[in-house]
Amino acid sequence: MKREERYRLVLDYFRREMPVVTTELEYASEFQLLVAVVLSAQCTDKRVNMVTPELFRRFPDAATMGAAEPEEVYEYVKSVSYPNSKAQHLVQLSRIITEQHGGKVPSDMDALLQLPGVGRKTANVMQAVAFGRAAMAVDTHVFRVSHRLGLVTKSANTPLKVEQQLVKYIPEADIPQAHHWLLLHGRYVCTSRAPHCSRCSLEPYCAKQMGK
């Protein structure tokens, strides 16, 4: 099966089965989304959603969080992974957003990447979810599913290489949605351990089944 045909079949399935999808993180502003995405690194969205309500009540925006000390923020996020470093990053990025960007999360990719604790995946999530741009965030789920479905080659051995191959074949209009399609499929069906192949409608197109 040619790669273009594989993409067409997979994308048609997702367009039909998941026409409207978005992040499962809960937030009320671009700043709160950024905080939630930073907290979600190597942590489940479910856990993040358990801690952010109280965190956002105390620190609803960049100004209030930037005025805090990391130790204060830590008390609200101590149940997530790497709470010490994440608390430090949240206070630091809040201060930069307040002092350099007028309290608003910058939409520019380079400016996002300069924020403490913000890597390419987080910046791409903000580009796609907050600003509606054609950015492909590659997390562990997207990385795994892209390989299993044969959407990317074996040489795509880094998140950046996976991102580059995906955006080459996925229509620009679908890219913001495609991140969530692949992520949710990996989270609930094509899981890391013991994937649920018997209830996967994409199994006929799976690279494993196609012998590729």
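The values are calculated or read from the model by the stated rules, or taken from the named source; none is laboratory data. Since the model is a prediction, treat every value here as computed from it, not as a measurement. Cβ atoms come from the backbone with ideal geometry, glycine included; neighbour counts cover every protein chain shown. We work out accessible area using only protein heavy atoms, side chains counted, and drop any ligands, DNA or RNA first. Shrake-Rupley method; radii C 1.70, N 1.55, O 1.52, S 1.80 Å.
Relative contact order (percent) for region 1-69, with alpha-carbon contacts under 8 angstrom and 6 or more residues of separation? Write out the running numbers ahead of the final one.
Values: 26 pairs, mean separation 16.7, N = 69.
Reported relative contact order: 24 percent.
Karplus-based coupling profile of region 112-119, in residue order and whole Hz: 4, 5, 7, 6, x, x, 10, x, with θ = phi - 60° in 6.51 cos²θ - 1.76 cosθ + 1.60 and x standing for Gly or Pro. Considering helices alone, the calculated mean residue ellipticity of the chain at 222 nm is -16500 deg cm²/dmol, with DSSP H runs of length four and up weighted by -39500 (n - 2.57) and normalised per residue.
Suppose we take every Cα in the chain and form the convex hull; what volume per residue is that in Å³? All intermediate terms of the calculation are to be shown ahead of the outcome.
Details: hull volume 24.9 nm³, N = 212.
Roughly 117 Å³ of hull volume per residue.
Normalised by residue count, region 66-188 yields a Cα convex hull volume of 114 Å³ per residue. Leaving ligands, DNA and RNA out of it, work out the accessible area of residue 153 with a 1.4 Å probe and give it in Å² to the nearest 10. Its accessible surface works out to 40 Å², give or take rounding. A Gaussian network model of the chain, with springs between Cα atoms under 10 Å, assigns the largest mean-square fluctuation among 194, 173, 41 to 194. The value of relative contact order for the chain, using C-alpha pairs under 8 Å at least six residues apart, is 20 percent. Placing unit charges on the Cβ atoms of the charged side chains and taking the dipole of region 86-212 about its Cα centre, the candidate lying farthest along the positive direction among 165, 195, 94 is 195.
Remark: relative contact order (region 92-207) = 22 percent; criterion is Cα-Cα distance under 8 angstrom and separation of 6 or more residues.
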